[in-house]
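What follows draws every value from the coordinates through simple rules; no lab data is involved. Please read all numbers here as calculations on a predicted model, not as lab measurements. A quick note on method: Cβ atoms are made from the backbone with ideal geometry, for glycine too, and the neighbour counts reach across all protein chains shown.
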Amino acid sequence: MFGSLLKNSLRFSLHRPTRQPDFDAARLGVTALALQAPNGSAVPPGCAAVLVDRNGRSRRLAAGGRIAAHEGELAWCVHPGPYSCELSPFAAAPEIGLRVSIAIDASDPRATHQRFDLFLASEGGDGVELAQFSAAMQTALQRELAQGNLDLPPCTTLEEWNAFRAGFNQLMYTRFGVMVDDCVPVDLGAARDYAQVLETRLAQQEQQQAARVARPDIAAPAAVQEAFIPACEDARALRRLFLELPCLMCAIRLAALPAGQEQFRQQQELLRRLDLVSLAVGTMPALELSAPNQPLAQQEQLRRARHSRRAAAALDEAWALLARIKTGGEIALAPLFDEAERIVANLEHETAGRRSVTLDEREEVPA
Amino acid sequence: MSAPQEAVCRSVAFDGGLLTITATRRPRAGRADVKCSVPGAPQLAERMQQVVRLARHTEARFDSRDQVVLGLDRAPPGDWRDWELAAVLADRMVRGLYAPRGAVTANGWSDAWHLGRIDGRALLNVPAGVLAGGPGGLPHLGALNGQPDPAAGVSSARAWFPLHSGGEQDRLGWVEVSVRPLAGAHEEDVPAVPDLDPVRGAEVGAVLQAARHFDGRGQGQWRTTVRFGEPRFQGDSYQFALVMADRIARGREFLARGRVIATGCSSAWHAGKVEAVDALQAKCALIAREAAPGDRVLLPKEWEAGLQAGLIAGLRDELRARGASLACVERIGII
């Protein structure tokens, strides 16, 4: 009897729509930027509602209204902020950071598509927590600094700081759709004591060393793999690519005005290739099947998911590149086109890898 | 970034001769990202491909457009692994990520290339001019630019300063600061400076003490070791480089993509002030000659204001054209 009860409750929970049961409006504006709201609930004061349909088209509702979602639409309540968070621009320098204050703008009437709405549609999930959002911002910032697209060198001068701020603001707006109100360098020494970090690291290393001495027959542990659920990761990455690539193409067409015939052709070629990538994403085979009704080996599923994750990383780079184009200034367009070519080539490579059933590396082209 | 089509890196072999690794770059055309060949030893070629692929995990930029073909000129014995570092460097050189001045000979092996760590070398007596991986040499790949290893328990950073004697021997020397947490042990945190005589060692200690006092942190927290690449030098223009290396090692300074090259001294490090040193012209010429893309050059502010302002402006333009940057600093710390 208990068994049947359990089965019933299990079936019940499986068939219930996966909505967050408690929509806690008090967390909005404090620890969460946006929360998924159930249909029919009122939009809390000071917030706005964003409704997104299956194809990523969004509309906004002002505060005080009642959410009436159409078939297939998801709704989030968004608090405009401001929010404050601390970012580490360099992983190796934990005691120096940036205190950043961000806000979400009211919808911009000039833009056909609000970037933050797109962010919600593709990465919103159950809601956007502040901690998770600032981690994403930090990753984007660290990558741009490591690639040398933004500069924050030792003893930054005022001009360099201003250039960094312009690039950083544009990056945050283009990638996440948030406005950076304020950003100052801060000393995080009190909160993130580097000496303590190193102490724990040394203690861990000593433990590992001792374990290795005690059991020399066991080989050194391989690289610790981060928790990685292929199905979730793959679905998330493909959703992002599916929704964001068309908007990205549209934005690049508007932002990068080619200087001459040659560059125009280059741009057309890039857009054509992006279009094909977008098509490939839209027709991507299921992760777990190698052919209709033919399951795919776990190992290959993992490989496919890694490819789609790397494709999503290339998409991040594309947004960052768009931010650089928009920041403009005296940068020549030619190296940016080369960068765009690299990113598109990476996207093509990863989507092809995601599509393939086995790892097929042609070793040699017959001469 | 301009990358060469071919690069060569050598490694001292088991028998005292040289192994040569040649890297070439060509369009990928659907092939594997790295292809390796070792005459008569396919397992070794496989290991080389694995090493290079793992080491690429530490890079920020991924490019799927090129294939790199690596070839070793003869097969070393199966347990000889000192060529690994040379293979990694050749792969970086051919893609323009590492641009050394002159030919490189490197020895080192690792079990953790994906972390950029270099575990050691089999070569016992390292000849002059050979880049030796592992403890006491190059402990991880980022150290080529003086950056601390983000996964190590002991943080060490390097900064470079011009060694000027008015002759052909002028070049950049480095100073390395390694810090290890004291963990509550009640020791005096007097820095160890094994390379210098006690008087100059005490000078180094006083500079660090004063600069950390200005910083407000780091006093009584660290056991510090300072090493110099060239211990025979005069003057105190190394001080600024020393202070920067210390700040970077303690994780309290933004990082440059390349090396930090600094010259300057101070009579008041406790106030964070940077003061001018001699031989402006010669040092500027030296820096202009030696700077590589990504390097950060730090000079005393007074130099910019003086009669030689034009020279500094010229150096700044020259460095920018090469992808390096220059700042004239009056005071260390956050702007």
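For q values of 0.06, 0.08, 0.10, 0.12 Å⁻¹, compute log₁₀ I(q)/I(0) with the Debye formula on a Cα-only model of the protein assembly as shown, without solvent. For the requested q values the scattering log ratios are -0.41, -0.74, -1.14, -1.52.
Counting only other chain Cβ atoms within 10 Å of each residue's Cβ, the peptide A:185-192 averages 3.
Loop-located GluC sites (Glu not before Pro) in segment A:56-87 (DSSP state other than H, G, I, E, B) with a sparse environment of at most 12 neighbouring Cβ atoms within 10 Å: A:Glu71.
If one takes the longest principal axis of the Cα atoms in chain B, at what angle in degrees, from 0 to 90 and to the nearest 10, does the Cα axis of helix B:42-55 lie? On a 0 to 90 degree scale, this one is about 30.
What percent of all Cα-Cα pairs in segment A:25-78 falls in each 10 Å bin, counting up from 0? Over segment A:25-78, the share of Cα pairs per 10 Å bin runs 28, 56, 15, 0 percent.
Dipole size in debye (nearest 20) for chain A around its Cα centre, Lys and Arg Cβ +1, Asp and Glu Cβ -1?
Working: 38 positive and 45 negative charges, 265 e Å.
Magnitude of the dipole: close to 1280 debye.
Sorting the segments B:46-54, A:275-283 by their residues' average number of neighbouring beta-carbon atoms within 10 angstrom, most packed first, yields B:46-54, A:275-283. Comparing A:Leu35, A:Leu141, A:Leu188 in a Gaussian network model of chain A (Cα springs below 10 Å), the most mobile by mean-square fluctuation is A:Leu188.
Once the Cα gyration tensor of segment A:290-346 is diagonalised, what are the square roots of 5 times its eigenvalues, in whole Å and ordered largest first, as equivalent ellipsoid semi-axes? Walk me through the numbers on the way to the answer.
On the way: eigenvalues 259, 19, 12 Å².
Working through the eigenvalues yields semi-axes of 36, 10, 8 Å.
Share of pairwise Cα-Cα distances greater than 24 Å in chain B is 58 percent (whole percent).
In percent, rounded to a whole number, the relative contact order of chain A is 14, using alpha-carbon pairs under 8 Å and six or more apart. The Cα center of segment A:48-116 and the Cα center of segment B:254-318 differ in position by 44 Å.
Farthest toward the positive end of the dipole of the protein assembly as shown, out of A:Ala68, B:Val177, B:Trp222, is the Cα of A:Ala68, where the dipole comes from beta carbon charges about the Cα centre.
Here, segment A:231-355 has an Rg and a Dmax of 16.0, 55 Å when only alpha carbons are counted. When the Cα gyration tensor is reduced to axis lengths a ≥ b ≥ c, the ratio a/c is 1.5 or higher for segment A:94-204, and with a/b not above b/c it is classed as oblate. Its residues counted as N, segment B:1-97 yields a C-alpha radius of gyration over 2.2 N^0.38 Å of 1.03. In this Cβ point-charge picture (+1 for Lys and Arg, -1 for Asp and Glu), segment B:193-335 has a dipole of about 520 debye about its Cα centre.
How many angstrom separate the Cα center of segment B:76-126 from the Cα center of segment A:265-328? Value for the Cα centre distance between the two parts: 34 Å.
Once you keep just the Cα pairs under 8 angstrom separated by 6 or more residues, what percentage relative contact order results for segment B:146-329? Numbers along the way, then the final one.
On the way: 349 pairs, mean separation 40.7, N = 184.
Taking the mean separation of contacting Cα pairs over the length of segment B:146-329, I get 22 percent.
Ratio of Rg to Rh for chain A: 1.00 [Cα atoms; Kirkwood radius as inverse mean 1/r over pairs]. Magnitude of the charge dipole for the protein assembly as shown, about its Cα centre and with charges confined to Cβ atoms of Lys, Arg (+1) and Asp, Glu (-1), is about 1520 debye. Distant-in-sequence amide contacts of B:Leu18, defined by a placed amide H-H separation under 5 Å and a gap of 5 or more residues or a different chain, comprise B:Ala13.
Only Cα sites of segment B:63-115 enter the Debye sum here, all with the same form factor; the resulting log10 I(q)/I(0) across q = 0.30 1/Å is -1.32, listed in q order. For B:Gln147, the residues whose amide H sits under 5 Å from its own are B:Arg158, ignoring neighbours fewer than 5 places away on the same chain, with H placed 1.01 Å from N. Within the straight-line cut-off of under 20 Å between alpha carbons, the aspartates and glutamates reachable from B:Lys273 are A:Asp187, B:Glu203, B:Asp215, B:Asp236, B:Asp246, B:Glu253, B:Glu302, B:Glu304, B:Glu330, sequence neighbours fewer than 8 places apart in one chain being disregarded.
Report, as an integer, the average count of C-beta atoms from other chains found within 10 Å of each Cβ along B:249-262. The partial results should precede the final answer.
On the way: counts 3, 8, 16, 8, 9, 14, 11, 5, 6, 2, 0, 3, 0, 2.
Partner-chain Cβ atoms within 10 Å, mean over residues of B:249-262: 6.
Evaluating 6.51 cos²θ - 1.76 cosθ + 1.60 at θ = phi - 60° for every residue in segment A:138-151, the Karplus couplings come out as 5, 4, 4, 5, 4, 5, 5, 5, 5, 7, x, 7, 10, 10 Hz, glycine and proline recorded as x. Over chain A, with a Gaussian network built from C-alpha contacts below 10 Å, which listed residue (A:Leu238, A:Leu87, A:Leu254) shows the highest mean-square fluctuation? Ranking A:Leu238, A:Leu87, A:Leu254 by mean-square fluctuation puts A:Leu254 first.
Of the trypsin sites (Lys or Arg not before Pro) found in segment A:94-202, those that fall in a DSSP loop while having at most 10 other beta-carbon atoms within 10 Å are A:Arg110.
Considering only B:Ala211, A:Leu336, A:Gln266, the residue lying farthest towards the positive end of the dipole of the protein assembly as shown is A:Gln266, judged by Cα position with unit charges set on Cβ. Shielding of peptide A:279-292 by partners, expressed as the average count of other chain Cβ atoms within 10 Å per residue Cβ, is 0.
Of the residues B:Gly323, A:Gln207, A:Ala231, the one whose Cα sits farthest toward the positive end of the charge dipole of the protein assembly as shown, with +1 on the Cβ of Lys and Arg and -1 on the Cβ of Asp and Glu, is A:Ala231.
In this structure, the amide hydrogen of B:Gly133, modeled 1.01 Å from its nitrogen in the peptide plane, lies closer than 5 angstrom to those of B:Asn107, B:Gly108, B:Leu138, counting only residues at least 5 positions away or on a different chain.
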